[in-house]
1. Output the residue which, of all residues in the range 372-423 that are assigned to a helix (DSSP H, G or I) and open to solvent by 10 Å² or more (accessible area, probe 1.4 Å), is farthest from A534 (Cα to Cα).
2. Given the conditions (1) under 25 Å from the mean Cα position of the chain (by Cα); (2) more than 22 Å from Q461 (Cα to Cα); (3) of a type outside the set (D, E), which single one is not true for T369?
3. When you check D613 against the structure, is it at pLDDT 75 or above and either charged (D, E, K, R) or not in a loop (DSSP other than H, G, I, E, B) (or both), yes or no?
4. Looking only at the range 258-270, which residues are open to solvent by less than 50 Å² (accessible area, probe 1.4 Å), in a helix (DSSP H, G or I) and closer than 16 Å to G233 by Cα?
5. Among the residues of the range 240-264, which ones are modelled with pLDDT under 90 and on the phi < 0 side of the Ramachandran plot?
6. Where in the range 24-132 are there strands (runs of 3 or more DSSP E), lying fully within it, with 2 or more residues that are in contact with a Ser or Thr (Cβ under 9 Å, 6 or more places away or on another chain) and among the β-branched types (V, I, T)?
7. For A80, indicate whether it is aliphatic (A, V, I, L, M), more than 27 Å from E659 (Cβ to Cβ) and modelled with pLDDT of 90 or more.
8. Can you tell me which residue in the range 407-436 is farthest from the chain's Cα centre (by Cα), limited to those that are closer than 24 Å to E349 by Cβ and modelled with pLDDT of 90 or more?
Amino acid sequence: MSDENLPSGPGQDDLLALPSGYVINEYRIERVLGGGGFGITYLARDTHLDCQVAIKEYLPKDLAVRRDGLAVRPRSSEAAKGFEWGLQRFLLESRALASFHHPGIVRVLRYFRGNDTAYMVMEYETGQPLQRWLVGRLPLDRASLVRIVRPLLDGLEAIHAAGFLHRDIKPGNIYIRADGSPVLLDFGSARRLELDGIDQTLTAVVTPGFAPAEQYHRHGKQGPWTDLYALAGVMYWMVTGKLPMEAFARLREDAMPKAADIGNADAFGAGMLKAIDWALNPDEDKRPRQVADFRRACLAPPTGGEASEPPVEAPLPLGLSASEARTFIGAVLFADVAVAASDEAAQREGRSRLVQMLTQAIAPVPPTTRLAVNTKEGCAVCYVGDPEDALRTAVQLGDAAAGAGIGVHMGINLGPVRVAPDPNGRSRILGDGITTAFRVMRFSSPGQVLVARAYYEVIYQLKKNAGDYFRHIGVRRDPQARDHELYAYSGVSLLASARVADLSIRQAAVGGDLSPAAIEAAERILALHIGPMAKILVRKTLPRAENLSGLHELLAAMIPDPAPRSAFLSSVVAASGAVSGAASSRSVLGTAARSSASVSAAAGAVSVIPEADLARVEQIFARYIGPMARVLVRRESRTANSVATLCRALASHIDKDAERRRFMSEAGPAD
């Protein structure tokens with residue numbers, strides 16, 4: 001629909017809506033996308049970036065009206081308290097939701113106050129609603145269904161682990177992008193798990209057939225199983241062609257046919273159909289409790305009978321089957337023999353001996369915390385327990401290789417990885433974590449251990465004397481024009497400490513707010529962003545934390561990428577119940593920035609870029625990644641020799657190609 005077709009008065013779908021053409025901050029309202037009891041969602045244009053966005057306006061119709069001047073006011077003095085309470089929750093939750101950065105979840109870009117209410121700005125996803133996308137594609141096969149469901153489950157798991165529920169999953173809130181990937185929209189109804197009845201009453205959203213019974217009344221026991229019911233309802237509709245019956249109609253006598261009875265077991269597998277029925281149980285106590293439970297039952301390979309896991313060569317990190325592999329943070333050691341590529345016989349012999357030596361070197365590491373694979377470029381080991389295990393292995397491997405008269409190149413990185421099966425059923429490691437480890441290895445001399453900056457920063461946070469045993473060797477550019485800041489390991493004293501054996505929380509915490517429950521909450525949220533390594537990082541960091549805020553700061557400094565780092569900080573602030581979270585978040589972010597800057601200072605790097613240029617670039621960069629812009633600009637500027645070099649380094653932290661190009665265009669050297 002073009003702007004010319006939009007009315008000039010209030011939105012055509014809602015008399016309370018802002019008029020088309022209305023400008024608030026840098027956003028110009030184009031039309032209403034949807035509305036409900038909680039608020040109104042608009043299509044708008046960001047006049048600074050010249051792109052479309054979706055904006056959710058907080059406007060609970062039972063409590064508020066729009067007055068002259070378009071300001072939003074409570075309907076009465078009695079409604080004022082509920083309106084203000086809901087407004088504060090909207091702001092707090094917008095702050096937390098803005099920290100999520102997952103491909104299966106619509107991205108919240110920012111939030112702000114205006115018109116005496118609040119607004120949440122989200123990416124406007126182009127594509128088709130699920131029901132429209134399915135036209136001409138039915139009947140679906142299992143592979144197509146899994147391609148839709150898996151990313152949505154991963155996104156829901158991220159939401160739930162941070163303490164939120166979506167509460168309005170339905171076909172209309174699932175869009176399929178042009179590349180076929182799904183995205184879950186409309187977080188206007190999202191709420192924290194522990195909220196009390198008043199908020200449930202204010203923002204209840206019920207879509208018949210997809211909302212479970214507990215969403216119909218204020219005392220309903222809502223949890224992850226609530227969202228799983230709704231998603232299973234969508235799946236039921238996709239595999240049977242029938243909409244689920246309304247939940248309340250099923251409570252006394254459930255007459256809805258089972259997916260296992262009317263679905264095509266040959267196409268989807270009996271296990272998937274039974275999992276759908278499990279999650280659609282009218283009784284919330286009889287549904288899967290967590291996403292992982294449903295994923296395990298639903299996505300196991302079809303066998304024509306009971307769902308079972310395929311055999312694997314060895315336990316995978318996280319205890320996942322190959323069909324359940326997902327992205328997490330791992331420390332990756334990549335090693336290869338120093339043999340000319342043209343001498344194939346020597347290379348085969350050298351790599352055969354490398355495998356033997358590496359097998360011995362990783363033997364002390366628990367099998368469930370590491371995975372070794374052979375690649376055509378060498379050998380890689382991914383560690384998801386103690387990140388120091390990668391360095392210990394490298395030192396032992398180097399000693400063994402030197403004793404055998406073999407030159408070995410070694411590189412270590414900390415970054416996102418994904419374990420997945422190859423066509424032969426073996427495990428392989430994918431993602432930037434292993435790719436960067438390989439490129440770092442290519443810069444090393446035989447017998448030398450080089451580590452990427454992300455890995456060095458984690459070790460620096462864990463070991464006070466880390467700076468004494470690493471030598472900063474500067475930035476190197478690989479054949480793909482990607483820069484890597486490298487450190488060479490030059491000592492063994494760092495490895496003297498034993499591994500953490502007891503991971504239980506038994507000792508009394510130093511700070512009064514460092515209770516076992518608070519520590520476990522920090523670990524749970526950290527695990528959402530980095531995976532199982534969270535457990536040991538929390539235990540190793542505890543002795544240096546004076547209080548809960550200090551623990552959060554230290555842990556944040558060990559998250560390698562800006563998006564999950566910002567997400568962690570926002571989530572722990574929200575989880576700790578800080579309604580005045582803005583001030584706390586600014587304090588945590590500031591300390592994290594100082595911590596990150598101290599790492600760079602240890603390397604002896606000083607920025608040569610004028611402060612005016614840094615401030616200009618930071619202001620532009622903040623539009624793309626939010627509050628972590630300052631941390632990253634100061635950090636990257638220490639190794640950049642020009643504004644152009646700085647912008648290239650910063651652009652690598654932006655996920656989307658189009659946004660990277662736009663940032664480079666805007667932030668390039670000023671005339």
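The values are calculated or read from the model by the stated rules, or taken from the named source; none is laboratory data. Since we're looking at a predicted model, the values are computed, not measured. FYI the Cβ positions are ideal-geometry reconstructions off the backbone, even for glycines, and counts take in every protein chain you see. Just so you know, the surface numbers come from the protein's heavy atoms only, side chains and all, with ligands and any DNA or RNA stripped out. Shrake-Rupley method; radii C 1.70, N 1.55, O 1.52, S 1.80 Å.
1. G403
2. Exception for T369: condition (2).
3. yes
4. A259, A260, F268
5. Within the range 240-264, A247, F248, A249, L251, R252, E253 meet the criteria.
6. Counting at least 2 such residues, we get 27-35.
7. yes
8. Ranking the candidates gives G407 first.
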